[in-house]
Each structure stands twice: as C-alpha cells, then as structure tokens.
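What follows is a single structure, written as structure tokens, with notes after it.
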Amino acid sequence: MMWWNHGGWAAGDWLAMSLTMVLIWGLLAALVVWTVRSTRDGPESDGSAATPTARADEVLAERLARGEIDADEFTRRRELLHSGSDHASPAG
C-alpha cells in the first residue's frame with residue numbers, strides 16, 4: 001500500500017516522456033542528415049571546389065565566346081588575374 005496511486009504515471013510524466021522522445025528522434029534525424037550531407041559526392045565535399053580564380057577564368061572565357069571582349073583583352077585580364085595582383089581592372 002505504500003505506492004497506492006503513486007506507482008502510475010501522472011500527466012506531467014507522460015508529457016516529459018513525449019517531449020524526450022521527440023527530442024531524441026529529432027536529434028537522430030539531424031545526425032542522419034548531417035552525415036549524408038558531409039559524405040555525399042560533390043565538388044564541395046572533396047575539397048576540389050572551384051576557386052574564385054577558376055570561376056573568374058570561366059567568366060572571362062564566356063565573355064570572350066559571347067564577343068563582349070576580344071582576345072587581347074581576354075589575355076590581358078587573365079594575366080592580371082593570375083599575377084596575384086590586387087589592382088582593379090577597368091570594366092569592359
């Protein structure tokens with residue numbers, strides 16, 4: 001008789017258990033998502049992501065192909081880009 005009516009779960013206990021289960025399943029789901037994103041195949045996962053210089057080369061090549069700049073301008077800007085100089089090139 002010592003545990004009469006105190007051996008069962010009260011409303012607060014059920015609420016605490018439910019919130020704990022939601023938290024556990026949420027953390028488990030977050031762990032799975034993080035693991036999948038960190039191990040997926042892609043340019044950002046293997047360290048070979050395009051550098052700003054590589055992207056700038058692509059933009060220069062696209063501008064040359066569209067005829068926005070000529071070959072001399074392309075060569076000049078590309079050399080400026082790869083020289084490591086911080087000088088701003090004129091808009092073109």
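Here S89 passes the criteria (1) at pLDDT below 90; (2) part of a loop (DSSP other than H, G, I, E, B); (3) out of contact with any Leu (no Cβ under 7 Å at 6 or more places or on another chain) except the one numbered (3).
Looking only at residues that are under 30 Å from S83 (Cα atoms) and part of a helix (DSSP H, G or I) in region 1-56, which one is modelled with the lowest pLDDT? That would be P52.
The values are calculated or read from the model by the stated rules, or taken from the named source; none is laboratory data. Keep in mind that what you see is a predicted model, and the values were worked out from it rather than measured. All Cβ positions, even for glycine, are placed from backbone atoms using ideal geometry, and neighbour counts span all protein chains on display.
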